[in-house]
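J.: Encoded as structure tokens, here's the structure I'll be asking about.
The values are calculated or read from the model by the stated rules, or taken from the named source; none is laboratory data. Since the structure is predicted, the reported quantities are computational estimates derived from the model, not experimental observations. Note that each Cβ is placed from the backbone with ideal geometry, even for glycine, and that neighbours are counted across all protein chains shown. These area figures cover heavy atoms from the full protein model, side chains too; ligands, DNA and RNA do not enter into them. Shrake-Rupley method; radii C 1.70, N 1.55, O 1.52, S 1.80 Å.
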Amino acid sequence: MSFGTRVLARGTYRIGYAPWSTHELARDRLKAVYSRAGLLVEFVPLPEKRSLVLAAEGEINGDVGRIYGLEKKFPTLVRVDVRLLDLFDAAYVVKGQDVGGYRPELLQSLRVEAVRGVLWAEKAMAGLPLEKVNNYEILFRMLLEGRIDLALAGQPSAEAIFRKDKARYARIRRLDPPVYELPLYHYLNVKNTDIVPKLEKALRELYAEDYWHDGEEN
């Protein structure tokens, strides 16, 4: 019996997420969404790219959250077409590095790195060299060690890492403005299209109630 078949037999939707990233915030929101929709859900911690691949292959039911348009690259995924949260993606440097605020030109002149599978970073670096690592702890360690000049990371992901050891990461500075400000959407494998209207309805209800105190859905 495959992993995906076992999921469906149990009646529980298994959704992948990457620990210590924006995915944790998306996961917490989806708990409320699935509960409101009357659906059982279990969240599976996975590397960010692995979560996406397994969702596309149908080995898990979906991925907690990705940017709009992902289905163009992964046609076996369908979007729950109400945004889950607003994503703020930023560039980070070590304090004292005289680069001013963020501007796209920095990506052409600095050594830039991101976590593997973070598609918005790949988009920002299109045509430019981009080093990739497996997680955010490695990313920020390399920044502190001077092995890279600039790290691209989702703001919630970075802040989650910084909270774990404030003294260690005190030398890191976020550049303003953000690289991207865009909504994040929940994605499901096409085998689960039938629950998309239920999840969209649940999301709209939660926004209407100001459940997360960040306004109504877009």
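J.: In the stretch 1-126, carbon and sulfur make up what percent of the accessible area (probe 1.4 Å)?
T.: 53
J.: Right, something else. Report the label-to-label distance for residue 53 and residue 163 in nanometres (one decimal), using points 7 Å from each Cα along the Cα→Cβ vector.
T.: Reported label-point gap for residue 53 and residue 163 is 3.0 nm.
J.: For the chain, with every protein chain kept in place, what is the accessible area per residue (1.4 Å probe, Å²)?
T.: So the chain comes to 48 Å² accessible per residue, rounded to a whole number.
J.: Name the chymotrypsin sites (Phe, Trp or Tyr not before Pro) in the stretch 42-92 that are in a loop by DSSP and that have at most 14 other C-beta atoms within 10 Å, would you?
T.: Here the sparse-neighbourhood loop sites are 68.
J.: Apply the Karplus parameterisation 6.51 cos²θ - 1.76 cosθ + 1.60, with θ equal to phi minus 60°, to every residue of the stretch 44-57 and state each ³J(HN,Hα) to the nearest whole Hz, in sequence, with x for glycine and proline.
T.: 10, x, 8, x, 4, 6, 4, 4, 5, 5, 5, 5, 5, 7
J.: In nm, what is the difference between 0.36 nm times the number of residues separating residue 213 and residue 201 and their Cα-Cα distance?
T.: 2.5 nm
J.: Label residue 122 and residue 170 with points 7 Å out from Cα along Cα→Cβ: what is the distance between them in nm?
T.: So the label points at residue 122 and residue 170 sit 3.8 nm apart.
J.: Then there is this: Testing the spin-label approximation: label points 7 Å from Cα along Cα→Cβ at residue 194 and residue 97. State their distance in nm.
T.: Simple spin-label model gives 5.0 nm for this pair.
J.: Also: Would you calculate a helix-derived [θ] at 222 nm for the chain, using -39,500 (n - 2.57) for each DSSP H run of n ≥ 4 and dividing by the full residue count, to the nearest 500?
T.: -10000 deg cm²/dmol
J.: Right, next: For the cross-link pairs 73/191; 31/123; 49/72; 49/123, which exceed 19 Å when the distance is taken from alpha carbon to alpha carbon? Numbers along the way, then the final one.
T.: Values: 73/191 17 Å; 31/123 29 Å; 49/72 16 Å; 49/123 15 Å.
Over 19 Å apart, Cα to Cα: 31/123.
J.: So, one more: Identify the chymotrypsin sites (Phe, Trp or Tyr not before Pro) of the stretch 108-215 meeting these criteria: DSSP loop state and at most 16 other C-beta atoms within 10 Å of the C-beta. Could the numbers behind the result be given before it?
T.: Working: sites: 120, 136, 140, 162, 169, 180, 185, 187, 207, 211, 212; in loops: 169, 211, 212.
Answer by residue number: 211, 212.
J.: For the chain, what are the per-bin percents of Cα-Cα distances with bins 10 Å wide, up to the bin holding the maximum?
T.: Going out from 0 Å in 10 Å bins, the chain shows 8, 33, 32, 20, 6, 0 percent.
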